[in-house]
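The values are calculated or read from the model by the stated rules, or taken from the named source; none is laboratory data. Just so it is clear, the structure is predicted and the values come from calculations on it, not from any experiment. In this analysis, Cβ positions are derived from the backbone assuming ideal geometry, glycine residues included, and neighbour counts consider all displayed protein chains.
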Amino acid sequence: MGKAKRLKSLRKEKKSFEEAFLEKFTHNFIKEIKNSPMWDEMVAEYGEKRAIELLKDCKAEIKSGLPPGME
């Protein structure tokens, strides 16, 4: 593999700042839920397997602009 091809593949793999931030934010959110009393409630209601599946569906989302009331 030549240098140009190798560099192109490296650039392809790089995530944008926003993608990396959302991934880390989502990871921290899931970690905090697992350490909260809400996790125990989720496990009691849905079972551990289903609760983990629900957490995997969580994704962070960034909305542009100021929140209502701060404009």
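Against the condition of a type in the set (D, E, K, R), exposed (fewer than 11 other Cβ atoms within 10 Å of the Cβ) and in contact with a helix residue (DSSP H, G or I) (Cβ under 8 Å, 6 or more places away or on another chain), how does Glu61 come out, does it pass?
When the stated conditions are applied, Glu61 passes them.
Among the residues of region 4-41, which ones are out of contact with any helix residue (DSSP H, G or I) (no Cβ under 8 Å at 6 or more places or on another chain), among the charged types (D, E, K, R) and at pLDDT 80 or above?
Glu18, Glu19, Glu23, Lys24, Lys31, Glu32, Asp40, Glu41 - these are the residues of region 4-41 that are out of contact with any helix residue (DSSP H, G or I) (no Cβ under 8 Å at 6 or more places or on another chain), among the charged types (D, E, K, R) and at pLDDT 80 or above.
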